[in-house]
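Student: The structure follows.
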Amino acid sequence: MSVVADTPRTLAEVSAFIRDFEACRLPKARWTHEGHLVAGLWYVWHLGAAEALKELRVRIARHNTSVGTLNTDSSGYHETITRLYVEEIGRFCSSWRDESMEAALSHLLSSPLADSKWPLTRYTAEQLFSVQARREWVPPMMSERPHFKAAYPYQKDVLSLPVTDIDAAARWYSAHFGMAEVERRAEPVPTVILERDGTRIGFAVNGGDAAQDGAAILVTGIAAMKAELESKGVELGNWRVDERNGRKLQVFFVVAPDALCYYFHEPLE
């Protein structure tokens with residue numbers, strides 16, 4: 001994961017960054033996602049998470065005002081995002097207390113928290129970017145990574161879904177569905193098998209019509225799955241509740257670039 005070139009890394013650089021931040025001299029261009037992490041780590045390291053949050057509430061809002069960013073229901077300070085990061089940085093610091101703050105910062109900037117989309121692993125976009133979440137703390141709705149439990153074909157074989165290019169299929173599903181290639185063969189037709197959480201889906205150059213095929217994918221944590229795919233740029237549709245065989249299912253659809261269609265679903269309790 002790349003880090004902005006002028007992100008402070010040494011203790012001297014961080015101290016100077018914080019002085020400018022507190023004096024409202026920090027240029028808006030330097031108040032990046034990485035800059036937020038630097039400030040978060042500084043205050044948590046020195047004050048603890050609870051006091052750091054109190055300090056950051058005031059200082060972030062003040063900095064925003066100094067650079068012309070309005071603190072409103074649609075911009076500026078965001079309570080839920082700030083608290084989420086502060087609490088996670090607090091847990092992070094407890095793991096690295098035996099090292100220097102510089103070392104802890106290096107670890108932080110190479111951790112999943114360095115991805116600005118990380119909060120979307122804990123919230124849906126609708127929840128995270130709501131007015132309520134900006135104004136006040138909204139607890140995460142998702143606590144763990146979602147999982148594939150099973151995949152069922154629309155036609156005959158979930159290990160032989162029709163595509164025209166298995167290399168392109170392997171790249172796209174690895175990048176967007178979080179799958180990993182586990183098998184590849186050339187005979188009787190070019191085929192690649194991908195897997196996630198023990199669930200396998202295969203793609204084959206078999207002459208079939210992709211627009212008429214795909215798979216129903218049973219998952220756990222469907223809201224988290226939706227957020228994960230959206231964070232990777234996957235277009236989703238029809239977030240809704242279906243009823244099948246007397247059971248209610250939370251569902252959504254994905255039509256991949258190869259025209260295969262996927263029905264993600266999870267039973268509702």
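The values are calculated or read from the model by the stated rules, or taken from the named source; none is laboratory data. Here the structure is a predicted model, which is why all the values come from computation and not from measurement. So basically every Cβ, Gly included, is an ideal-geometry build from the backbone, and we count neighbours across all protein chains shown. Side chains are part of the model used for accessible areas, which takes the heavy atoms of the whole protein and leaves out ligands, DNA and RNA. Shrake-Rupley method; radii C 1.70, N 1.55, O 1.52, S 1.80 Å.
Student: For residue 29 and residue 164, what is the calculated FRET efficiency with R₀ set at 41 Å and r taken between the beta-carbons, to the nearest 0.05? Before the final figure, lay out the partial values.
Tutor: Values: r = 45 Å, r/R0 = 1.09.
Computed FRET efficiency for residue 29 and residue 164: 0.40.
Student: At 1.4 Å probe size, with no ligands or nucleic acids counted, give the accessible surface of residue 10 in Å², nearest ten.
Tutor: The accessible area comes out at roughly 60 Å².
Student: Still on this model: Just the number, please: Stokes-Einstein D of the stretch 73-156 in µm²/s, Kirkwood Rh from C-alpha pairs, 20 °C, 1.002 mPa s. Each step should come with its number before you reach the end.
Tutor: Numbers: Rh = 15.1 Å.
After rounding, the answer is 142 µm²/s.
Student: Let me ask something else about it. Can you count the Lys pairs in the chain whose Cα atoms are under 23 Å apart, with each pair 8 or more apart or on different chains? Don't jump to the answer; show the numbers that get you there.
Tutor: Working: 28/54; 28/117; 117/226; 117/232; 149/226; 149/232; 149/248; 226/248.
Value for the chain: 8.
Student: Can you sort 83, 196, 244 by solvent-accessible area, 1.4 Å probe, largest first? Walk me through the intermediate numbers first.
Tutor: Working: 83 65, 196 5, 244 130 Å².
Order by accessible area, largest first: 244, 83, 196.
Student: Sticking with this structure for a sec: Quick check on the chain: helices-only [θ] at 222 nm, where DSSP H runs of length 4 and up contribute -39,500 (n - 2.57) each and the sum goes over total residues. Nearest 500, please. Don't jump to the answer; show the numbers that get you there.
Tutor: On the way: 9 runs with 102 residues, N = 269.
After summing the helix terms and dividing by residue count, I get -11500 deg cm²/dmol.
Student: When only C-alpha pairs under 8 Å and at least 6 residues apart count, what is the relative contact order of the stretch 175-269, in percent? Working shown, then result.
Tutor: Values: 151 pairs, mean separation 22.0, N = 95.
Worked out over the stretch 175-269, it gives 23 percent.
Student: Right, next: Compute, for residue 110, the solvent-accessible surface of its heavy atoms (probe 1.4 Å) with the complete set of protein chains present, and express it in square angstrom to the nearest 10.
Tutor: Its accessible surface works out to 90 Å², give or take rounding.
Student: Would you mind putting 53-64, 31-42 in packing order, based on average other-beta-carbon counts within 10 Å, highest first?
Tutor: Numbers: 53-64: 17.3, 31-42: 21.1.
The packing order, highest mean first, is 31-42, 53-64.
Student: Distance in nm between label sites at residue 65 and residue 126, each 7 Å beyond Cα in the beta-carbon direction?
Tutor: Reported label-point gap for residue 65 and residue 126 is 3.5 nm.
Student: Taking square-rooted eigenvalues a ≥ b ≥ c of the alpha carbon gyration tensor, is the stretch 1-72 rounded, prolate or oblate, where a/c under 1.5 means rounded and, failing that, a/b exceeding b/c means prolate? Present the calculation step by step, with values, prior to reporting the outcome.
Tutor: Numbers: a/c = 1.58, a/b = 1.07, b/c = 1.47.
Taking the square roots of the gyration eigenvalues as a ≥ b ≥ c, the stretch 1-72 is oblate.
Student: Let me check something: with ligands and nucleic acids excluded, how do 11, 236 order by accessible area (1.4 Å probe), largest to smallest? Walk me through the numbers before you get to the answer.
Tutor: Values: 11 85, 236 50 Å².
From most exposed to least exposed: 11, 236.
Student: Still on this structure, I have one more. Per residue of the stretch 232-238, in order, report the coupling 6.51 cos²θ - 1.76 cosθ + 1.60 (Karplus, θ = phi - 60°) as ³J(HN,Hα) in whole Hz, putting x for Gly and Pro.
Tutor: 9, x, 7, 7, 10, x, 6
Student: Kindly state, to the nearest 0.05, the FRET efficiency for residue 184 paired with residue 220, given R0 = 30 Å and r defined as their beta-carbon distance. Working shown, then result.
Tutor: Numbers: r = 28 Å, r/R0 = 0.94.
Efficiency for this residue pair is about 0.60.
Student: Then there's this: Give the relative contact order (percent, whole number) for the chain; include only Cα pairs under 8 Å separated by 6+ residues. All intermediate terms of the calculation are to be shown ahead of the outcome.
Tutor: Values: 435 pairs, mean separation 39.4, N = 269.
It comes to 15 percent, rounded to a whole number.
Student: Now for a separate question. Step through the residues of the stretch 54-59 one at a time and calculate ³J(HN,Hα) from phi using the Karplus curve (6.51 cos²θ - 1.76 cosθ + 1.60, θ = phi - 60°), rounding each to whole Hz and writing x for Gly and Pro.
Tutor: Each residue of the stretch 54-59 in turn: 4, 5, 5, 3, 6, 6 Hz.
Student: From the C-alpha coordinates alone, can you work out the Kirkwood hydrodynamic radius of the chain, in Å?
Tutor: On the way: mean 1/r = 0.0474 Å⁻¹.
About 21.1 Å for the chain.
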